[in-house]
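Read through the structure below, which is laid out as C-alpha cells, and then see the notes.
The values are calculated or read from the model by the stated rules, or taken from the named source; none is laboratory data. On a predicted model such as this, the values are computed, not experimentally measured, just so you know. Positions of Cβ are generated from backbone atoms using ideal geometry, with glycine treated the same way; all protein chains shown enter the neighbour counts.
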Amino acid sequence: MRDDGCAGGASARGESGLVTDGTTGLTCRELVEVLADYLASELGRDARSVFEGHLVECRDCLAYLRSYAETMRLAKHAYDDDEAEVNVG
Ligand SMILES: [Zn+2]
C-alpha cells in the first residue's frame, strides 16, 4: 500500500517577489555582506537588530548564517589542532 503524503495540489504562491516596505531595511545581499561583522560582534546595536529582524523573516539567510557559523567554528578547531602552540605576539 502506498502512502501518499502529498495532500492537496494547491500551488502555494503569493509571497514570491514580495518586498517589505522598508521595514527591515536590509536585503539578503546586504545581510551577507555584514555577516562576518555580525559574527565578530562588530555590528552596532541598530544594525544588529535590523540584521536579526531579517533573520526572523528570511529562512534562507538564517540557513546561510548557520552554515557559515558552523564553517567558521570548524575552521577554528582545525586551526587549533594544527597549531596548538602558536604564539601570537
Ligand atoms: Zn534574506
Looking for something surrounded by 10 or more Cβ atoms within 10 Å (Cβ to Cβ) and modelled with pLDDT of 60 or more - is there at least one such residue anywhere in region 4-23? no
Look at region 52-61 and say how many of its residues are surrounded by fewer than 15 Cβ atoms within 10 Å (Cβ to Cβ) and either within 14 Å of VAL32 (Cβ to Cβ) or within 9 Å of the ligand (Cβ to nearest atom) (or both). 3
Please enumerate the residues belonging to region 52-67 that are out of contact with any helix residue (DSSP H, G or I) (no Cβ under 6 Å at 6 or more places or on another chain) and not β-branched (Val, Ile, Thr). GLU52, GLY53, GLU57, CYS58, ARG59, ASP60, ALA63, TYR64, LEU65, ARG66, SER67
Starting from region 40-51, take each residue that is without any contact (Cβ under 8 Å) to a residue 24 or more places away in the chain and surrounded by 10 or more Cβ atoms within 10 Å (Cβ to Cβ) and list its partners that are of a type in the set (A, V, I, L, M, F, W, C) and assigned to a loop (DSSP other than H, G, I, E, B), counting only C-beta distances under 9 angstrom and pairs at least six apart or across chains. ALA47/LEU26
